[in-house]
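These notes are about the structure you will find just below.
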Amino acid sequence: MNIHAVVLAAGKGTRMNSALYKVMHPLCGKPMIEHVVGALEPLSLHTLVVVVGHGAEAVKKQLGSRVQYAQQKEQLGTAHAVWMSKDILAEQDGVTIVLNGDTPLVQSETLRRLLDYHQSKQAAATVLTSIVEDPTGYGRIIRDENGDVRKIVEEKDATLGQKKVNEISTGIFCFDNRKLFATLPNVSNQNAQGEYYLPDVLALLQEQGELVAAHVTEDPEEGSGVNDRVQLAHLERLMRKRINERHMKSGVTMIDPAATYIDSAVTIGRDTVLYPGTFLLGTTQIGEGCQVGPHAHVKDMVVEDYTRVPLFSSFDGSTYTDRAAAEVAATTNGQDHGLN
């Protein structure tokens with residue numbers, strides 16, 4: 001079965017209060033849109049479409065020919081945005097994932113599980129949901145007496161009772177592609193925002209007797225979006241925690257993970273020790289058994305095995321080795337927590 005994806009990345013991002021297009025704001029060394037596309041690429045997609053609007057040239061320069069592009073000239077809602085990709089996708093068979101370009105925490109494994117669940121249920125549509133303590137601002141999942149999804153109600157259109165529902169839509173969906181594009185023209189904009197909402201496709205499919213399923217994600221943060229710089233900082237902390245834990249599970253020691261900053265593309269060999277205040281940025285490669293910091297700033301560097309990167313140092317774009325310190329680092333096997 002062919003798998004397609006549509007990434008919605010046409011929003012202005014007004015609340016970012018920035019000249020930089022919203023999905024181009026960096027998170028752990030990469031623009032948000034790169035994290036989203038990077039999560040999709042391992043799924044062996046047949047077609048990957050990014051819907052652009054404001055700031056289209058910046059996105060095209062970043063992603064190049066890795067994706068196809070559709071243009072949303074007017075911001076008329078998420079259903080309208082997906083409809084802009086009709087010339088590329090409308091006649092395709094298969095399953096289409098739709099997600100937002102400002103959800104950088106989404107992971108390939110989650111999308112793969114969503115696809116598997118969608119196919120196992122033979123559903124016309126499946127929404128990825130989360131259970132959260134505070135659902136304010138998110139679309140609520142309204143289920144029927146059988147536990148199936150009846151509709152998704154946006155915050156501005158929800159009743160007081162519906163606002164108490166703590167199962168929310170992540171804004172990530174799977175659709176039977178042909179059924180999606182057959183239904184999109186029937187979506188109405190009769191709502192508080194006067195927009196064409198993609199979740200309204202679910203209710204229309206149900207009216208046709210189609211099954212709409214819901215799959216709950218294990219990590220409720222994966223569907224979190226970015227509307228302002230407060231949310232951007234929050235997601236950066238979450239991603240940095242994820243990155244640090246991945247390295248620690250691979251054999252890297254961090255004296256204080258909360259004070260260690262590592263970009264997503266950085267590689268680190270096992271038995272390396274990172275001291276507080278260390279920044280490893282860009283495409284930095286740290287070898288095995290190294291000691292870095294404290295307060296070292298290393299960007300786009302290759303640091304050879306058993307090298308000591310001294311405290312309060314800054315390096316950018318070269319290869320670094322310190323053979324005088326290598327013997328000390330090798331002797332301690334990278335586990336000396338003192339500042340020699």
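The values are calculated or read from the model by the stated rules, or taken from the named source; none is laboratory data. Computed from a predicted model, the values in this text were never measured in an experiment. FYI the Cβ positions are ideal-geometry reconstructions off the backbone, even for glycines, and counts take in every protein chain you see.
Quick notes
- Of all residues making up the stretch 20-51, the number that are in a loop (DSSP other than H, G, I, E, B) and either out of contact with any helix residue (DSSP H, G or I) (no Cβ under 9 Å at 6 or more places or on another chain) or farther than 17 Å from K61 by Cβ (or both): 5
Residues checked against (1) within 20 Å of S108 (Cβ to Cβ); (2) in contact (Cβ under 8 Å) with a residue 24 or more places away in the chain; (3) under 20 Å from the mean Cα position of the chain (by Cα):
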position	(1), (2), (3)
F175	yes, yes, yes
A192	no, yes, no
A213	no, yes, no
E221	yes, yes, yes
L232	no, yes, yes
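- Test: residue in the stretch 88-97 that is under 14 Å from the mean Cα position of the chain (by Cα) and not small (G, A, S): yes
- Close contacts from the stretch 275-303, counting a first residue that is in contact (Cβ under 8 Å) with a residue 24 or more places away in the chain and a second that is among the basic types (K, R) and part of a loop (DSSP other than H, G, I, E, B), with Cβ to Cβ under 7 Å and a gap of 6+ residues or different chains, come to E288/R270.
- Any chance E167 is out of contact with any helix residue (DSSP H, G or I) (no Cβ under 8 Å at 6 or more places or on another chain) and either at pLDDT 90 or above or of a type outside the set (A, V, I, L, M, F, W, C) (or both): yes
- Scanning the stretch 1-19 for residues that are farther than 14 Å from V230 by Cα and assigned to a loop (DSSP other than H, G, I, E, B) returns M1, N2, A10, G11, K12, A19.
- All positions within the stretch 91-139 that are among the small types (G, A, S) and farther than 14 Å from M1 by Cβ: G101, S108, A124, A125, S130, G137, G139
- Considering S44, S65, S108, the condition of being hydroxyl-bearing (S, T, Y), under 22 Å from S169 (Cα atoms) and either in contact with a Ser or Thr (Cβ under 6 Å, 6 or more places away or on another chain) or surrounded by fewer than 23 Cβ atoms within 10 Å (Cβ to Cβ) (or both) is satisfied by S108 alone.
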